[in-house]
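K.L.:
Mind looking over this structure? Questions follow.
The values are calculated or read from the model by the stated rules, or taken from the named source; none is laboratory data. Keep in mind that what you see is a predicted model, and the values were worked out from it rather than measured. For neighbour counting, all protein chains shown are included, and Cβ atoms are generated from backbone atoms with ideal geometry for every residue, glycine included. Heavy atoms of the whole protein, side chains included, go into the accessibility calculation; ligands, DNA and RNA do not. Shrake-Rupley method; radii C 1.70, N 1.55, O 1.52, S 1.80 Å.
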Amino acid sequence: ASDVYKRQFNILGYANEQPKWNYQYFKELSKCKTALNLSRGKPMKYHTSNRIASLVANGIMTFIDKRTNYQDFFSNDEMGFYKDTDDLLNQLENLNGNINKINRISRNGKKKYFSKNSLGQTRPKALT
């Protein structure tokens, strides 16, 4: 996994860097091909930060801890799932240079996200 450490990382709001908001936040997201969705505390079933909406909906291949059980909603062809840091680093290393696979997973994840969260899926039964 040594090559992974040579990759560029963009960690917003960390090490005295001010958080980004609004347009600046989305400008930073546009630089990313993959993202790591972390939540405070220990990973729990179906729990995630609302940041996942910004990541997946903007077509960024998103990695999330397997213990969130988001595999119940997304497949491995729509999102990345890792069991620990070593697993995450190995997956990133395996994706290195495979922009077509990253783009495919990103597109699939975005498509699934919008199909799950469209107005038709969330509107009350009385309105359908």
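K.L.:
Would it be correct to say that residue 22 is at positive phi and free of Cβ contacts under 8 Å to residues at least 60 places away in the same chain? Step through it out loud before you land on a result.
P.N.:
Working: at positive phi: yes; free of Cβ contacts under 8 Å to residues at least 60 places away in the same chain: yes.
For residue 22, the condition - at positive phi and free of Cβ contacts under 8 Å to residues at least 60 places away in the same chain - is met.
K.L.:
Any residue in segment 35-48 that is more than 9 Å from residue 65 (Cα to Cα) sitting within a Cβ distance under 9 Å of a residue that is surrounded by fewer than 16 Cβ atoms within 10 Å (Cβ to Cβ) and aromatic (Phe, Trp, Tyr)? List the pairs, counting only those 6 or more apart or interchain.
P.N.:
Correct list of pairs: 46/73.
K.L.:
With the requirement that a residue be buried (at least 16 other Cβ atoms within 10 Å of the Cβ) and over 11 Å from the mean Cα position of the chain (by Cα), what does segment 31-69 give you?
P.N.:
39, 68
K.L.:
Please go through segment 96-118 and give me each residue that is open to solvent by less than 60 Å² (accessible area, probe 1.4 Å) and in contact with a Phe, Trp or Tyr (Cβ under 7 Å, 6 or more places away or on another chain), ordered by number.
P.N.:
109, 112, listed by residue number.
K.L.:
Then there is this: Which one of these is open to solvent by less than 30 Å² (accessible area, probe 1.4 Å) and acidic (Asp, Glu): 28, 93, 78? Write out each step before concluding.
P.N.:
Values: 93 fails: open to solvent by less than 30 Å² (accessible area, probe 1.4 Å); 78 fails: open to solvent by less than 30 Å² (accessible area, probe 1.4 Å).
After applying the criteria, what remains is 28.
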